[in-house]
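*Asks:* Let me give you the structure first, and then I'll get to my questions.
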Amino acid sequence: MERYDLIVRGGSVVLPDGVTKVDVGVKDGKIAAIAAKLVGETEHEWDATGFHVLPGMIDVHVHFSEPGREHWEGFTTGSAMMAAGGCTTFFDMPLNGIPSTVHQEALLDKARLGNEKSLVDFGLWGGLVPGNEDDLQPLAESGVIGFKAFLSTTGNKEFEAVDDMTLLTGMKKIAALGKVLALHSESAAITNWLKAEKEAAGLVSADDYLETRPILAEVEAVERALYYSEITGCALHFVHISSAAAVGKIEAAKARGMNVTVETCPHYLLFSHDSLREKGSLAKCAPPLREADEQQRLISLLAEGKFDMLSSDHSPCPYDMKDPKDYNLFQAWGGISGGQFTLLSALELAQAQDIPLEQVAAWTASNPAERFGLAERKGRIAIGMDADFAIVDLNQAFTVTEENYYAKHKQSLYIGHTFPSSVIGTIVRGHIIVRDGEVATATAKGSWQKPV
């Protein structure tokens, strides 16, 4: 008789070609069998009757700040938060640690910390900054997912924005290494000039902040990056795109055969600039939340399949850096804390727009895996793949509170938001990390995932 380590029984399993009620058998961390009714012995069993089983989410864009700024967020609290939201693999951005991940030594040290502390699997981005062009090859050979660069001012002296010469040189090298460059695409010239104008006039309200980061600043940066990509042959991934006009430029590039992908974040889809007006710095991010009409355009683009993936851009900080009593928004830290809620957001949007669950799985799992070199083992529920699952109850609402939010700092734009679904289980390579909505273990089970 066949023996399994775990059988997930009776759930509605989201497979690449649709949803079907099947049992899934796990052995040695891999999916070993999928059948209408599995017969065999098992060490553990999960009755998923009445629930849906999705491939574990892959969030390609989070900011954990370890080493150096673990008091902002670190692998222990951050991975627990991701697990609570059905995420089984996250990619940590290179900029908020000290040192930033811009050379091999920093990469390997961060990987060591992640292997020691993370509850779920993780990948690591490398950085492209002025002066580290010779570090790109060692970073690539050591296993970075890809590289990240900023076209706008970062506010982080350890990770500066690229100038045009650095960008072109870096893109040529990244292309030769067969890697992807992720870009924060807002024009530094436009945004810095507008900010200086506002601050000189003493104009520091929510509306003033939005006006310093207009859609045209995003479009200009996207278009410039696409031109540079055509010259250098560098594959691009545009992070947290916030406007329909920028998506249009990216769509046109794809139609020309360019190697380009694009993500947006749930906060651009579930919230609008009204949240910044009402809640102050809790809702500050860059690019900013857009007006409600632009928010609706983004939702329509998502429904039309124009975004390749959703990611959280979880960007936390100690609360005194985002004090909502400080209405000079230009001085508050810009970033949305919400890494736990991307899958729930995708499910909410899918239910509202009548989008099939296999599309949710594409946004949150298979497309990220395919784009970033993990598709041979992650992103799909199929025999031979890693046994990474998110088990969700589509009929049980989940209201975000400080008590059920696992991030280090509990202040978030999402507090008080009610999702129509809830994550009740998260399984990483066969290890049950979340059971009945609670993070079940404090023992690290995650490991560093390198692209193939």
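The values are calculated or read from the model by the stated rules, or taken from the named source; none is laboratory data. Please read these numbers as outputs of a predicted model, since none were measured by experiment. Cβ: placed from backbone, ideal geometry, glycine included. Neighbour counts: every protein chain shown. The area values use the complete protein model at the heavy-atom level, side chains included, leaving out ligands, DNA and RNA. Shrake-Rupley method; radii C 1.70, N 1.55, O 1.52, S 1.80 Å.
*Asks:* Here's a check for you: in the range 325-345, which residue that is polar (S, T, N, Q) and over 19 Å from the mean Cα position of the chain (by Cα) is modelled with the lowest pLDDT?
*Replies:* Our first condition is that a residue be polar (S, T, N, Q); within the range 325-345, this holds for 328, 331, 337, 340, 342, 345.
Then drop every residue that is not over 19 Å from the mean Cα position of the chain (by Cα), which leaves 328, 331.
Values: 328: 78, 331: 87.
Selected residue: 328.
*Asks:* Residue 42 versus (1) under 24 Å from residue 122 (Cα atoms); (2) surrounded by fewer than 23 Cβ atoms within 10 Å (Cβ to Cβ); (3) among the hydroxyl-bearing types (Ser, Thr, Tyr): which is the lone unmet condition?
*Replies:* Just one mismatch for residue 42, condition (1).
*Asks:* Output the residue which, of all residues in the range 277-286 that are open to solvent by less than 10 Å² (accessible area, probe 1.4 Å) and touching a Phe, Trp or Tyr at 6+ places or on another chain (Cβ under 8 Å), is modelled with the highest pLDDT.
*Replies:* Let us first name the residues in the range 277-286 that are open to solvent by less than 10 Å² (accessible area, probe 1.4 Å), namely 280-281, 283, 285.
Narrowing further to those that are touching a Phe, Trp or Tyr at 6+ places or on another chain (Cβ under 8 Å): 280-281, 283.
Numbers: 280: 89, 281: 91, 283: 95.
Selected residue: 283.
*Asks:* Please find, among 415, 383, 391, 424, the residue that is in a loop (DSSP other than H, G, I, E, B) and under 19 Å from residue 13 (Cβ atoms). Can you show your working first?
*Replies:* Details: 415 fails: under 19 Å from residue 13 (Cβ atoms); 391 fails: in a loop (DSSP other than H, G, I, E, B); 424 fails: in a loop (DSSP other than H, G, I, E, B).
It is 383.
Quick grid of which residues meet (1) in a strand (DSSP E or B); (2) touching a strand residue (DSSP E or B) at 6+ places or on another chain (Cβ under 7 Å); (3) more than 26 Å from residue 207 (Cα to Cα):
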residue	(1), (2), (3)
268	no, no, no
278	no, no, no
297	no, no, no
329	no, no, no
342	no, yes, yes
362	no, no, yes
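*Asks:* Now a separate question. Is it the case that residue 74 is within 19 Å of residue 340 (Cβ to Cβ) and over 15 Å from the mean Cα position of the chain (by Cα)? Even if it seems obvious, please write down each step before you answer.
*Replies:* Values: within 19 Å of residue 340 (Cβ to Cβ): yes; over 15 Å from the mean Cα position of the chain (by Cα): yes.
It is true that residue 74 is within 19 Å of residue 340 (Cβ to Cβ) and over 15 Å from the mean Cα position of the chain (by Cα).
*Asks:* Now for a separate question. Just give me the residues in the range 32-52 being of a type outside the set (S, T, N, Q) and in a strand (DSSP E or B), in sequence order.
*Replies:* Going through the range 32-52, the residues of a type outside the set (S, T, N, Q) turn out to be 32-41, 43-48, 50-52.
Within the range 32-52, 32, 33, 34, 35, 41, 43, 44, 45, 46, 47, 52 meet the criteria.
*Asks:* Within the range 389-412, is there a residue that is acidic (Asp, Glu), open to solvent by less than 40 Å² (accessible area, probe 1.4 Å) and within 22 Å of residue 270 (Cα to Cα)? Spell out how you get there, then give the answer.
*Replies:* The first filter runs over the range 389-412 and keeps only residues acidic (Asp, Glu), leaving 393, 402-403.
Going one step further and asking which of them are open to solvent by less than 40 Å² (accessible area, probe 1.4 Å), we end up with 393.
This time we only want the ones that are within 22 Å of residue 270 (Cα to Cα), so: 393.
Within the range 389-412 (the criterion being acidic (Asp, Glu), open to solvent by less than 40 Å² (accessible area, probe 1.4 Å) and within 22 Å of residue 270 (Cα to Cα)), the answer is yes, since at least one residue qualifies.
*Asks:* Within the group 231, 215, which residue is of a type in the set (A, V, I, L, M), more than 18 Å from residue 162 (Cα to Cα), touching a residue at least 60 places away in the same chain (Cβ under 8 Å) and open to solvent by 30 Å² or more (accessible area, probe 1.4 Å)? Write out each step before concluding.
*Replies:* Values: 231 fails: more than 18 Å from residue 162 (Cα to Cα).
None of the others qualify; the one that does is 215.
*Asks:* For the range 236-259, how many residues meet the condition of being open to solvent by 10 Å² or more (accessible area, probe 1.4 Å), over 26 Å from residue 351 (Cβ atoms) and in contact (Cβ under 8 Å) with a residue 24 or more places away in the chain? Break it down into steps so the answer makes sense when it comes.
*Replies:* First, pick out the residues of the range 236-259 that are open to solvent by 10 Å² or more (accessible area, probe 1.4 Å): 244-245, 248-249, 251-252, 254-259.
Still in the list and also over 26 Å from residue 351 (Cβ atoms): 245, 248-249, 252, 254-259.
In the following step, the residues that additionally are in contact (Cβ under 8 Å) with a residue 24 or more places away in the chain were identified as 245, 249, 258-259.
Here the count works out to 4.
*Asks:* In the list 444, 440, which residue meets the criterion of being free of Cβ contacts under 8 Å to residues at least 12 places away in the same chain, more than 19 Å from the chain's Cα centre (by Cα) and surrounded by fewer than 23 Cβ atoms within 10 Å (Cβ to Cβ)?
*Replies:* Numbers: 444 fails: free of Cβ contacts under 8 Å to residues at least 12 places away in the same chain.
Matching residue, one of 444, 440: 440.
*Asks:* I need the full set of residues from the range 15-31 which are open to solvent by 40 Å² or more (accessible area, probe 1.4 Å) and either closer than 18 Å to residue 5 by Cβ or part of a loop (DSSP other than H, G, I, E, B) (or both), in order please.
*Replies:* Our first condition is that a residue be open to solvent by 40 Å² or more (accessible area, probe 1.4 Å); within the range 15-31, this holds for 16-17, 19-21, 27-28, 30.
16, 17, 27, 28, 30 - these are the residues of the range 15-31 that are open to solvent by 40 Å² or more (accessible area, probe 1.4 Å) and either closer than 18 Å to residue 5 by Cβ or part of a loop (DSSP other than H, G, I, E, B) (or both).
*Asks:* Something else: Assess whether residue 47 counts as being closer than 24 Å to residue 368 by Cα and among the charged types (D, E, K, R). Break it down into steps so the answer makes sense when it comes.
*Replies:* Working: closer than 24 Å to residue 368 by Cα: no; among the charged types (D, E, K, R): yes.
No; evaluated as a whole, the condition is false for this residue.
*Asks:* Pairs, please: C-beta under 7 Å, at least 6 apart or cross-chain, first residue of a type in the set (Lys, Arg) and in the range 1-29, second open to solvent by less than 60 Å² (accessible area, probe 1.4 Å) and not in a strand (DSSP E or B)?
*Replies:* Going by the 7 Å Cβ cut-off, the qualifying pairs are 3/40; 9/48.
*Asks:* Across the range 64-99, what is the number of residues that are open to solvent by 10 Å² or more (accessible area, probe 1.4 Å), in a loop (DSSP other than H, G, I, E, B) and closer than 23 Å to residue 378 by Cβ?
*Replies:* Looking only at that region, the number is 0.
*Asks:* Oh, and also: If the Cβ limit is 7 Å and pairs must be 6+ apart or interchain, which residue in the range 191-202 that is over 17 Å from residue 219 (Cβ atoms) pairs with which residue that is assigned to a helix (DSSP H, G or I) and charged (D, E, K, R)?
*Replies:* So the pair list comes out as 198/208.
*Asks:* Another one. Select, from 245, 286, the only residue that is of a type in the set (Gly, Ala, Ser) and in a helix (DSSP H, G or I).
*Replies:* Working: 286 fails: in a helix (DSSP H, G or I).
Of the residues listed, the single one that is of a type in the set (Gly, Ala, Ser) and in a helix (DSSP H, G or I) is 245.
*Asks:* Quick check on my filter: what residues within the range 162-181 are under 17 Å from residue 144 (Cα atoms), open to solvent by 10 Å² or more (accessible area, probe 1.4 Å) and of a type outside the set (D, E, K, R)?
*Replies:* Within the range 162-181, 175, 176, 177, 178, 180 meet the criteria.
*Asks:* Kindly indicate whether any position in the range 363-376 is touching a Gly at 6+ places or on another chain (Cβ under 9 Å), of a type in the set (A, V, I, L, M), surrounded by fewer than 22 Cβ atoms within 10 Å (Cβ to Cβ) and at pLDDT 95 or above.
*Replies:* no
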